[in-house]
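Have a look at the structure below before the remarks.
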Amino acid sequence: MVPRIGDYVIVSCESAAARVVGIDRYITLEWPWGAIDNSSNFRWNGQVALPHGEAHEEWSPFRLDPAPSTLHVGDVCAVFIPPTRLYVGHYEEYQPPRNLGWAPAPTAGLYVVPPERMDVDMEYAGYMLYLGGSDPIRVEPLND
């Protein structure tokens, strides 16, 4: 399935354990998927920062268990995407796979927006998911 702008899809990602390495406006995790690609000119440090808190203008489909408000640096939590209905704001394929500093490199990018955030500035409304790399993200068509 190749998502088109305007489609609705169900996105999910299996749970994995991640260690908290920083908490401020974002909660930073040692990302449980992928590996640092030392041959890349891009220097990914193996971490991902996710927005958290009700007042944060940015959004992410990733969820943590336990909740971010209870976590401290050094804690281990589960990171996952529960099956979620999302709007496709953008889709692009990468040929060759996109060099972002991690391996395996993703073969596509999918910008998703929750329906309740459609009135928010698109820069902050959604989240870019990278597909075909290491993150076990699943995208299914929604048959409404």
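The values are calculated or read from the model by the stated rules, or taken from the named source; none is laboratory data. Note that the coordinates shown come from a computational prediction; the quantities given were computed from them, not determined experimentally. We place every Cβ from the backbone using ideal geometry, glycine too, and count neighbours over all the protein chains shown.
Side notes on the structure shown:
- Some residue of segment 104-121 being of a type in the set (Gly, Ala, Ser) and assigned to a strand (DSSP E or B): yes
- Residue among Ser40, Ser15, Ser69 that is without any contact (Cβ under 8 Å) to a residue 60 or more places away in the chain, farther than 16 Å from Tyr127 by Cα and of a type in the set (S, T, N, Q): Ser69
- Yes/no for Trp59 being more than 24 Å from Pro115 (Cβ to Cβ) and of a type in the set (Phe, Trp, Tyr): no
- The set of residues in segment 35-82 being closer than 14 Å to Glu14 by Cβ and of a type in the set (Gly, Ala, Ser) consists of Ala78 alone.
- Filter pass, Tyr91 being within 12 Å of Val11 (Cβ to Cβ), touching a Phe, Trp or Tyr at 6+ places or on another chain (Cβ under 9 Å) and buried (at least 18 other Cβ atoms within 10 Å of the Cβ): no
- Residue list for segment 64-85, restricted to those being farther than 12 Å from Leu29 by Cα and not aliphatic (A, V, I, L, M): Asp65, Pro66, Ser69, Thr70, Phe80, Pro82, Pro83, Thr84, Arg85
- Gly133 vs. criteria among the small types (Gly, Ala, Ser), at pLDDT below 95, surrounded by 12 or more Cβ atoms within 10 Å (Cβ to Cβ) and part of a strand (DSSP E or B): no
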